[in-house]
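See structure below.
Just so it is clear, none of the values below were taken in a lab; they were calculated from the coordinates. If you're wondering where the values come from, they're calculated on a predicted model, not measured in any experiment.
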Amino acid sequence: MARANPAQFVSQVRAEVAKVVWPTRREVTLTTIMVFLLAAVTAVFFFLVDLAIRSGLQGVLNIFGS
């Protein structure tokens, strides 16, 4: 791989950065809200699954523990 001089490197970096499509403030806000919402839904889901498994195991242990 050939080494480019620093001026060429900076020029290429600027050219690549110019191609980037930056999100708008609205897109960032909506995406952030969606991430927090989905994290909350996932947390509730796993809480309910944990509760169901714990209740099931306690029921089995009560049946066989007596």
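Okay, here's what the table says:
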quantity	calculated
Correct choice for mean projected area of the Cα convex hull in nm² that was computed from the model, options (1) 5.7; (2) 4.4; (3) 10.1	(3)
Selected from ALA43, ALA15, ALA52 as most flexible by GNM, with the chain as the system and alpha-carbon contacts under 10 Å	ALA15
